[in-house]
Amino acid sequence: MIEARNVSKKIGSHYAVKDASFLIRSGERAAFLGRSGAGKTTLMNILTGYTFASDGSVSVNGIDMLKYPVKAKGMIGYLPKNAPLYPYMTAEEYLLFACEIRRVPKAVRAMNIALAIEHLSLHNKRGRLIKNMSKADRQRVAIAGMLCADPLVLILDEPTAGLEPDDVAQLRLVLRNIQKTMVVATSNIQEVTALCSRVYIMHEGSIVAHDAIENFTQTAGGRKRISVRLAAGRSTGLELLKNIDGVDLVECTGSKEPGTYDYIVDSTADLRSDIFRSAAKAGIVLLGLKPMSVTLEDVFYQLTCGG
Amino acid sequence: MRAVYKKEMILFSHTMQAYLFMAGILLGGGLLFSYYNIIGKSMDLKPVWRGLLYIELVLVPVLTMRLMAGEHAGGTDLLLMTSPVSAWGVTMGKFLAALAVLASSLGLTLIYPLILCLFGSPSWARIAAGYCGVFLLGMLVISVGLFMSSLVKRPLSALLSTMGVTLFVILADMAATWFGNGVISTAASWVLPFCSAAYFTNGFLTVPAFVYFISITALFLYLTIRSIEHAKWSKGRRL
């Protein structure tokens, strides 16, 4: 549905987005999680055609954003950060404008607007000037404007930023019930787990990790991940660790110290004592043994803080 | 383009700019008409048209200040530029909306020649030429104002920069007349819009003057489109 290939955005000598590649399929709900300044908004601006990438390409349903921007943009509904709206329009005028500018056929405009108003509970506010609305209501109007054009893909940048907790919960419920391909840029981990099934972690302009959310988080079965450093050859270390009972997966992550190799061991039980005993029995020096956090939050902090 | 045009007309109807512009045109035109035509008992509307030319140079920047800069300031350029509408569509929609306000304002001043009809038989051909000149100059200044508005982030900056351009035009026109009929004056007549508008207000519909206004307007509309396109390749927002 949305594909980015080696997308980079250079501003001066600084890369706001560096070499981002991903494919978001139809029906998927993906989150781009990162701290402020990670490049999420810049990436969303590139995906929606507001700004063009310095390198790489973006396509929506196979249509290149650079070559056919009008056609590609017609398939996207975008909710920018802080939901900018026209303060001197009423909610209804704005929704009509949203339908017109997105070329919604006249025959279905009234129905789409009615459905959007119903969905976002804006019945009593359709005639109110946007500048007289609360932040939560303005956000609802912005989302309604996005929905009444019936786009194929929704892209939302910090959709609940600055809202009261009650409004956040209500809005998340509304967004969860929308059955469309969705891309959410956020720095809020709860938002990621509430709305999306896949997460791309961004740091300093690059996508540093991506996976389905359940692969990042601990499941009810309690998956464990242990980091091991052994003073032995790669194949020796791999064989030692794979032969330990209870080990599901062993991955060699390279060598950071001469004469040693680092491994990540996945299991459902805490195998630290088994690893220690096996290494000692085999006469291999164990230089590092540390449990790795497996919640999304911990992975996020590890990848973005280096800790 | 139609959606942008309609949106701008809604915003003009809900905000003060269009009303201020209309009030200025009607006040200025009304005062000039009262002085020269009612009190002065003249059938010639040339002083009114000449006065409206200067009023336009002052008031059109008020009309155009928000057109692009207001979008940047409010963040709504994100909505506009991520919609399936081209830079051409955005530019023409806004331009036509401002032009509609200008045409409506000038249309209200058509009551002046109608009043003159009560006292005599004014030449409608001359009246049409005069209004054409005023309208074309207004159209040119709108295109300049739209371009200046696309370059800056704040409506006030757009207002001041456009007024700077129009003030330069007024001063250049005044300076050109000081040089009599020399080379400088002749060169100025080719460049400055007042000189071309003078043909119309003197009752002459000349093709070169018409082409002048259309081509300069088209130039600034093109520059506006290029300005919008350029922004997409840079940060996407004005500094």
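The values are calculated or read from the model by the stated rules, or taken from the named source; none is laboratory data. Nothing here was measured: the structure is a model prediction, and the numbers come from that model. Glycine also receives a Cβ, built like all others from the backbone with ideal geometry; neighbour counts cover every protein chain displayed. Surface accessibility is based on the protein's heavy atoms, side chains included, excluding ligands, DNA and RNA. Shrake-Rupley method; radii C 1.70, N 1.55, O 1.52, S 1.80 Å.
Values computed for the structure shown
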{"read-out": "Exposure of A:His123 as accessible area (Å², to 10), given a probe of 1.4 Å and all protein chains", "value": "100"}
{"read-out": "Tilt relative to chain A, helix A:165-176 - C-alpha long axis, 0 to 90 degrees, to 10", "value": "90"}
{"read-out": "Accessible area in square angstrom per residue, segment B:2-238, 1.4 angstrom probe", "value": "44"}
{"read-out": "Segment A:46-87 - percent of accessible surface contributed by carbon and sulfur, probe 1.4 Å", "value": "50"}
{"read-out": "Antiparallel content of DSSP bridges confined to segment A:133-243, in %, to 5", "value": "55"}
{"read-out": "About the Cα centre, charge dipole magnitude for segment B:2-238 (Lys/Arg +1, Asp/Glu -1 at Cβ), debye", "value": "520"}
{"read-out": "Cubic angstrom per residue, convex hull over Cα atoms of segment A:45-87", "value": "81"}
{"read-out": "Net length gained if the chain between B:Ser42 and B:Glu229 were fully extended (0.36 nm per residue, minus Cα distance)", "value": "62.3 nm"}
{"read-out": "Area accessible to solvent at B:Thr206, 1.4 Å probe radius, in Å²", "value": "40"}
{"read-out": "Radius, Kirkwood style, for the protein assembly as shown when every pair of distinct Cα atoms is counted (Å)", "value": "27.5"}
{"read-out": "Helix-only mean residue ellipticity at 222 nm for the protein assembly as shown, each DSSP H run of n ≥ 4 adding -39500 (n - 2.57), per residue, nearest 500", "value": "-16500 deg cm²/dmol"}
{"read-out": "Gain on full stretching of the segment that runs from B:Ser86 to B:Ser121 - 0.36 nm per residue minus C-alpha separation", "value": "7.8 nm"}
{"read-out": "Net charge of neighbours whose Cβ lies under 10 Å from the Cβ of A:Cys148, counting Lys and Arg as +1 and Asp and Glu as -1", "value": "+1"}
{"read-out": "Selection from B:Ala98, A:Met89, B:Phe119 lying farthest towards where the dipole of the protein assembly as shown points positive, charges on Cβ", "value": "B:Phe119"}
{"read-out": "Dipole magnitude of chain A, debye to nearest 20 (Cβ charges: Lys/Arg +1, Asp/Glu -1, about Cα centre)", "value": "700"}
{"read-out": "Dipole of chain A [Lys/Arg +1, Asp/Glu -1 at C-beta], most positive-end residue of A:Ala209, A:Pro69, A:Asn45", "value": "A:Pro69"}
{"read-out": "Over segment B:2-238: Kirkwood hydrodynamic radius from C-alpha pairwise inverse distances, Å", "value": "18.6"}
{"read-out": "Rounded to 10°, Cα long-axis angle of helix B:207-233 versus longest principal axis of chain B", "value": "20"}
{"read-out": "Under 10 Å, Cβ to Cβ, from A:Arg5 - net charge with Lys/Arg +1 and Asp/Glu -1", "value": "-3"}
{"read-out": "Separation of the B:Phe210 and A:Lys67 label points, Cα + 7 Å toward Cβ, nm", "value": "4.3"}
{"read-out": "Longest to shortest principal axis, alpha-carbon extents of segment B:71-146, angstrom", "value": "56, 19, 18"}
{"read-out": "Occluded residues from segment B:71-85, i.e. those whose accessible area drops by 30 Å² or more once the chain is not alone (1.4 Å probe)", "value": "B:Thr76, B:Leu78, B:Leu79, B:Met81, B:Thr82, B:Ser83, B:Pro84"}
{"read-out": "Accessible area in square angstrom per residue, segment A:1-155, 1.4 angstrom probe", "value": "42"}
{"read-out": "Angle in degrees between helix A:135-147 and the longest Cα principal axis of chain A, rounded to the nearest 10", "value": "90"}
{"read-out": "Counted charge near A:Asp245, where neighbours are those whose Cβ lies closer than 12 Å (Asp, Glu -1; Lys, Arg +1)", "value": "0"}
{"read-out": "Cα pair distances exceeding 31 angstrom across chain A, given as percent", "value": "43"}
{"read-out": "Dimensionless Rg ratio for segment A:55-200, taking C-alpha atoms and the 2.2 N^0.38 Å reference", "value": "1.04"}
{"read-out": "Hydrodynamic radius by Kirkwood, which averages 1/r over all alpha carbon pairs of segment A:222-275, in angstrom", "value": "11.1"}
{"read-out": "DSSP-defined beta bridges in chain A - what % are antiparallel, rounded to 5", "value": "70"}
{"read-out": "Solvent-accessible area, 1.4 Å probe, carbon plus sulfur percent, for segment B:2-238", "value": "74"}
{"read-out": "Probe 1.4 Å - accessible area at B:Met1, Å² to nearest ten", "value": "90"}
{"read-out": "Relative contact order, percent, chain B [alpha-carbon distance under 8 Å, six or more residues apart]", "value": "27"}
{"read-out": "Area hidden from solvent between A and B (accessible, protein heavy atoms only, 1.4 Å, total, Å²)", "value": "2700"}
{"read-out": "Where labels lie 7 Å past Cα in the beta-carbon direction, separation of B:Met16 and A:Glu214 in nm", "value": "6.0"}
{"read-out": "Residues in segment A:29-59 that, when all protein chains are in place, have 50 Å² or more less accessible area than the chain alone would give (probe 1.4 Å)", "value": "A:Tyr50, A:Phe52"}
